[in-house]
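Bear in mind that the values in this text are calculations on the coordinates, not laboratory data. Every value quoted in this text rests on a predicted model; they were computed, and no experiment measured them. All Cβ positions, glycine included, derive from the backbone under ideal geometry; neighbour counts span all protein chains shown.
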Amino acid sequence: MRYAVLVTGPAGAGKSTFSNALITHLHTSKRTGHLVNLDPAAAPDSFEYEPTIDIKDLISLQDVMDELEYGPNGGLVYCFEYLMQNMDWLEEELGGYEDDYLIIDCPGQIELYTHHPFLPSLVKHLNRLGLRVCALYLVESQFMEDKYKFFSGVLSAMSAMINLETPWINIMSKMDLVTVNPDDPAGGRNGIRAKKDIASRYLDPDPLLLAITHGGSGKPQAEVRNPRFHALNQAIVQLIEDHPLVSFLPLDLTQPDSIETVLSHIDYTMQYGEDEEPKEPKDLDEGDFPDVRET
Ligand SMILES: Nc1nc2c(ncn2[C@@H]2O[C@H](COP(=O)(O)OP(=O)(O)OP(=O)(O)O)[C@@H](O)[C@H]2O)c(=O)[nH]1
Ligand SMILES: [Mg+2]
């Protein structure tokens, strides 16, 4: 059985950093993971691990921009259209990998996730080739700074999720950057407790947060002054409540347990180990952990 983890999300959400960290983690757990780069614009030196499969071997954004005079975004769409027409290339590249995780690092253009059919057709194609696919959607923790920004993240996750017919996990990345806002009622002197409170409020979002008319500081929020937005917010609250699909797993790359938790959700979602026994890292001795980054 082959497995593919599709790492998606808006620009700069930490997809490439996470993909590399996941491969390191798989290696330290005595499992194999291969990086697949689907970003035709990725800089060659931006990977900690050399991609096993690289869309740039098929087509590079720079060539499309130079030769066809596309801009960067139209060029990216062209590259994906080209990939869709050349799926036999991907099939050939995928040929030799068995029993492994393929970590597919996607580009950050939001159009790819909201209204282009590329990722849904890619998933269908991978399924046809016998791969189990799990999609991750990363939203960075800075979206939790502000509830409006946060709900725009929730809506982008929902829109991407509804398009893609495959098991799906939302991830709140860069949790190491979460700081305590003194005006926030959930913020306490104990940073850890406050982090937990923030996490519980946002990771499993209560859409009513949007409809609350007073902020923590007691100041009236914009919707009080702007009744038009109040009605819009109520409609969005209703939409999110009607699709209770969106919750987030926190990811803090500075905490080794955090990536382990994310991996265990991915394993569970794809039923990894149904056919083979996964090695629990806990069962291994300390000395069994090679530092793969040095090899
Ligand atoms: N503090 C912190 N920074 C991070 C983390 N993950 C990524 N970053 C930083 O965020 C920036 C973007 O990270 P990338 O991994 O390149 O993000 P991406 O989603 O691949 O970006 P695109 O491919 O351009 O869409 C880089 O400067 C990273 O160093 C994290 O967990 N914590
Ligand atoms: Mg990237």
Quick check on my link table: of LYS15/LYS149; LYS124/LYS174; LYS149/LYS174, which ones sit more than 23 Å apart, alpha carbon to alpha carbon?
LYS124/LYS174
In the neighbourhood of ALA135 defined by beta carbon distances under 12 Å, the net charge of the other residues (Lys, Arg +1; Asp, Glu -1) is +1
If LEU251, LEU177 are placed from fewest to most neighbouring beta carbons inside 10 Å, the sequence is LEU177, LEU251
Cut-off is 10 Å between beta-carbons; in what order do PHE150, PHE47 appear when sorted fewest neighbours first?
PHE47, PHE150
For the pair GLN62 and ASP88, what calculated FRET efficiency results from E = 1/(1 + (r/R0)^6), where r is the Cβ-Cβ distance and R0 = 25 Å, to the nearest 0.05?
0.60
Would you list ASP63, ASP146 from fewest to most Cβ contacts within 10 Å?
ASP146, ASP63
Give me the one-decimal nm value for the distance between modelled label points at ARG228 and LYS149, 7 Å along each residue's Cα-to-Cβ direction.
2.4
